[in-house]
Amino acid sequence: MDSRKYSVSANIIIIATIVGLLFFGDIILFALAYGALFIFMTARMLATPAKKSIKTYLFITLLMIMLVQIAADILVVCPANASMGFSVYGRRGIGVILLLLPFVMNRYISIGQYSSFYLPSMQEAATISFTELKTYRDDIRLAIAKVDHARKSLSPENMKYLISELPRHDFFRYINNGSLTPEYFTKAYASLSDPYIYIVISNTGSVANEMVSVVTQKQFNHASLAFDSELDTIISYNGGERVYPPGLNREMIDSLNKKQDSSILVYRLSCTEGQKRLIIKKVEEINREGNAYNMLGLVLKYSHKPNIMFCSQFVYRMLRISGLAYFNKDNGKVRPTDLIELDYYKKLQFVYELRLSNGVGNSAKFPINPKVSRPLP
């Protein structure tokens, strides 16, 4: 069978599988589909030339993904005693979407790892310089470091926590309503005399932060918005710390302190009183209408409703609504570090870095220094 016929056959099988699962899928069929996909992706990975350490890492990642898929199958897609109706197709849709996870992993992790282990031809090897040898050595070290980071981020403890969080989320309806109190908005409006809004990028050490970093390869993976320099009004889309439903919530500095080297970078952006008031009114509207955290959007870049967002999606949307956006990108594709790295026109001003620690009262604040450049890791 030539490659073209193989491709057509594969597409027919994939479409038939998706349609079958959407209309007839049950807990057993979904589990079989996840298992078959695991076997297929594992065989494909073994046939790909790569170092043994990379293949071991990819196998563990595929295994973790399959465990997440099966856990979601039991808890979300086909829960016990679930009522039939339109919602059953929504749950099956989630199950079908979960089939894409191994392919996402292959796109964002496998390709990057293989490129790090590029093998030159014999002619190239004969003319290779000592500088190039050093470059390859550094690339290999970097690739190994990425594998080790991914192994820690996808640890059984983190995967168990992620699975336990899934039932709290909803990707298709608003579940958070009114978590921001009148007292919060009193403080927000009191900040109108401050001619800046504040963009906060943080390295919290949370499970979500660590897992997102596997894909983004960035240290800072959470974005927040505040209306005052002391961050009394800091808000973002988050998990709600199991106090509030996932969605738009107020954030406390302590909630960003998840590991020993946690830190946040605070930037400010000039704005008029009218622009800041417009953002606050939009936040009031979202708080009143309802919202939810867009965990699905982290993978598929899709929002089922306007107020279902993730952190950087929310911050960038507020900038666009108020006319303060300083770069052009689709809301659902904005990463937290894009808010800093895509500031080509130098609209942002660095204010301070707040380094946190697990010890109470051991935070350190580093004020603005215009001469210091702080590129994001």
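The values are calculated or read from the model by the stated rules, or taken from the named source; none is laboratory data. Worth saying up front: this structure is predicted, and the values here are computed from it rather than measured. Using ideal geometry, Cβ is built from the backbone for each residue, glycine included, and neighbour counts are taken over all protein chains shown.
Below, the figures for the structure above:
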item: Selection count where residues are surrounded by 20 or more Cβ atoms within 10 Å (Cβ to Cβ) and in contact with a Gly (Cβ under 9 Å, 6 or more places away or on another chain), scope segment 174-201; result: 1
item: So LEU324, is it touching a Cys at 6+ places or on another chain (Cβ under 7 Å) and either within 15 Å of PHE220 (Cβ to Cβ) or not acidic (Asp, Glu) (or both); result: yes
item: Residues of segment 314-337 classified as at pLDDT below 95 and either part of a helix (DSSP H, G or I) or under 18 Å from ASN203 (Cβ atoms) (or both), total; result: 7
item: Residue within segment 317-326 that is out of contact with any Phe, Trp or Tyr (no Cβ under 6 Å at 6 or more places or on another chain) and under 30 Å from GLY95 (Cα atoms) present; result: yes
item: Selected residue (criterion: modelled with the lowest pLDDT) from residues of segment 232-258 that are in contact with a Pro (Cβ under 9 Å, 6 or more places away or on another chain) and either buried (at least 22 other Cβ atoms within 10 Å of the Cβ) or not assigned by TED's automatic domain parsing to the domain that holds GLU285 (or both); result: ASN238
item: Hey, VAL88 over 26 Å from the mean Cα position of the chain (by Cα), assigned to a helix (DSSP H, G or I) and loosely packed, with under 13 Cβ neighbours inside 10 Å or not; result: no
item: Restricting segment 45-65 to residues that are in a helix (DSSP H, G or I) and without any contact (Cβ under 8 Å) to a residue 24 or more places away in the chain, the residue that is nearest to PHE103 (Cα to Cα); result: PHE59
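Residue-wise test of (1) modelled with pLDDT of 95 or more; (2) buried (at least 19 other Cβ atoms within 10 Å of the Cβ).
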site	(1), (2)
TYR267	yes, yes
ARG288	yes, no
LEU296	no, yes
LEU300	no, no
HIS304	no, no
